[in-house]
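A.B. asks: I have a structure here, written as structure tokens, and I will follow up with some questions on it.
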Amino acid sequence: MPQTALLRTAAVCAAISGLGFGLPALYAPWYFAEHGEVWIFAGFPTYGDGPFETVGIPTSVPLLVAFALVCAAEVVVAVLLWRGRRAGTVLALVLLPVEFAFWIGFALPFGPLLAVVRTAAVALAARRRAAA
């Protein structure tokens, strides 16, 4: 697969993750502040009742806002990767541990799956860039 296709694959994964988690994350802090509980969407708690709470990190407005900011950063990663910018590759790798902490802490199963594909595509594209 050519380097451009790899970067675009990574960009699509980042966009799906950033927008898919980020759009609900824009509403979640407001809902939590108004109701004092986690928003239930399609029968599932959004950004709550996961390992964060199990280890004593309660869901809060600042925690939800931080996750929304991480999602926004992932959308920036998507744009940079789509444009083939080296900064997108670097930011995708730097952001990964923070994203994993939130995905695991909120028990969001699709984030890590998208991250595996995104990271593999970024790594292969970087290898092709270095070989060129």
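Here, each number is a calculation from the coordinates, and none is a lab measurement. Computed from a predicted model, the values in this text were never measured in an experiment. Here Cβ is always computed from backbone atoms with ideal geometry, including for glycine, and neighbour counts include all displayed protein chains.
A.B. asks: Which value results for Rg/Rh of the stretch 1-43 when Rg is the Cα radius of gyration and Rh the Kirkwood radius based on the inverse mean 1/r?
C.D. replies: Ratio of gyration radius to Kirkwood radius for the stretch 1-43: 1.28.
A.B. asks: I'd like the Karplus ³J(HN,Hα) series for the stretch 34-46: coefficients 6.51, -1.76, 1.60, θ = phi - 60°, whole numbers in Hz, and an x wherever there's a Gly or Pro.
C.D. replies: Per-residue couplings from phi come out as 6, 10, x, 8, 6, 5, 9, 10, 6, x, 10, x, 8 Hz.
A.B. asks: As an exercise, use a Förster radius of 22 Å and the Cβ-Cβ distance of A120 and A87 to find the FRET efficiency, rounded to the nearest 0.05.
C.D. replies: On the way: r = 19 Å, r/R0 = 0.88.
My answer for the efficiency is 0.70.
A.B. asks: Oh, and also: I'd like the FRET efficiency for F100 and A72, computed as 1/(1 + (r/R0)^6) with the beta carbon distance as r and R0 of 25 Å, rounded to 0.05.
C.D. replies: Details: r = 17 Å, r/R0 = 0.68.
Efficiency for this residue pair is about 0.90.
A.B. asks: What are the ³J(HN,Hα) couplings of the stretch 94-102, residue after residue, when phi is run through the Karplus curve with 6.51, -1.76, 1.60 and θ = phi - 60°? Round to Hz, x for glycine and proline.
C.D. replies: Couplings: 5, 6, 3, x, 5, 4, 4, 4, 5 Hz.
A.B. asks: Still on this structure, I have one more. Ratio of the stretch 3-131's C-alpha Rg to 2.2 N^0.38 Å, to two decimals?
C.D. replies: Working: Rg = 15.5 Å, N = 129, 2.2 N^0.38 = 13.9 Å.
Dividing the Cα Rg of the stretch 3-131 by 2.2 N^0.38 Å gives 1.11.
A.B. asks: Check F41: other-chain or 5+ apart residues with amide H under 5 Å from its amide H, H built from backbone geometry?
C.D. replies: Amide H to amide H, under 5 Å and 5 or more residues apart or across chains, F41 pairs with T46.
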